[in-house]
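The block underneath contains the structure these notes are about, expressed in structure tokens.
Coordinate-derived values only; no laboratory data. If you're wondering where the values come from, they're calculated on a predicted model, not measured in any experiment. Cβ placement follows ideal geometry from the backbone for every residue including glycine, while neighbour counts extend to all protein chains displayed.
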Amino acid sequence: MIILCTKLILAHIIGDFVFQPDKWVKDKEFKKHKSPFLYVHLLIHAAAICIVLQFDIAYWGALTFIIVSHFVIDLIKLHFNSKERTRVFFFIDQLAHLLVIVILVYIYKSDASPQINFYEPQMLLLVTAILLVTVVSAIVMKVAMTNWNLEEDANDDSLKNAGKYIGMLERLFVFTFILLNQWQAIGFLIAAKSVFRFGDLSRAKDRKLTEYILIGTLLSFGLAIAIGIGYQYAKAYLAH
């Protein structure tokens, strides 16, 4: 079951995170069901599912169920969401999509997996973990930190999206260190980041910036560690 579950989660990450620009999200929030990007989004989801399942007609029912349920869940979110409830609805939306996947995996109870390069279970698991550590975690952090907007974030001197990519890289480093069982290197990475941010912290007039950076850092490292440990457990399960 874990193989089918990994495939469907990978397809969900591709459709909901990798190939869904902010422009599409804002257009859907404004136009609701009238937004053309909502339907393009569903087509991308369908294509991703077909690819990861290798166009196996045995799963046409799962494909239909996921696309229809995804459409309904997104419509509910679009019509009931508000700026004040963005974080809550984001996590409810994702949990609902994951629940659909769990239900389908339970129904199919299939561990069949083509033993061909990319479609090998270990490769699917690794790709899913990397996307979780980078793209998905970046969006989760953006949503989680949305209530705290500091003037430093709008600084024109900063490179565009620099914080996003720095976070991705640091989580990739943490993920790699966990795979190599080099936990002490994670501590070194945290110390190195603290040194680089010391200038920002020393210029802060109050505790807000310090708290903001601390929350972001701990959340980023926490997500990377959780995903790394989860990957190791899943990999060990597949080995048996």
With only helices counted (DSSP H, runs n ≥ 4, each -39500 (n - 2.57)), the per-residue ellipticity at 222 nm for the chain, to the nearest 500, works out to -23500 deg cm²/dmol
Filtering the chain for DSSP H helices with an axial alpha carbon extent of at least 27 Å and a Kyte-Doolittle mean of at least -1.0 returns 60-80, 86-108, 208-239
The exposure ranking of Phe37, Phe188, fewest beta-carbon neighbours within 10 Å first, is Phe188, Phe37
FRET efficiency (His33, Thr64; Cβ distance; R0 30 Å; to 0.05) is 0.95
Among Phe37, Trp60, Gly15, the residue whose Cα sits farthest towards the positive end of the charge dipole of segment 2-114, when +1 is placed on the Cβ of each Lys and Arg and -1 on the Cβ of each Asp and Glu, is Phe37
Subtracting the Cα-Cα distance of Phe19 and Val195 from 0.36 nm times their residue separation yields 59.9 nm
Candidates for Cα extents along the principal axes in Å are (i) 62, 41, 30; (ii) 61, 47, 25; (iii) 65, 61, 33, and the calculated one carries label (ii)
Rounded to the nearest whole number, the per residue volume of the convex hull around the C-alpha atoms of segment 2-114 in Å³ is 93
Once both label points are put 7 Å beyond Cα along the C-beta direction, the Leu169-Asn147 separation in nm becomes 3.1
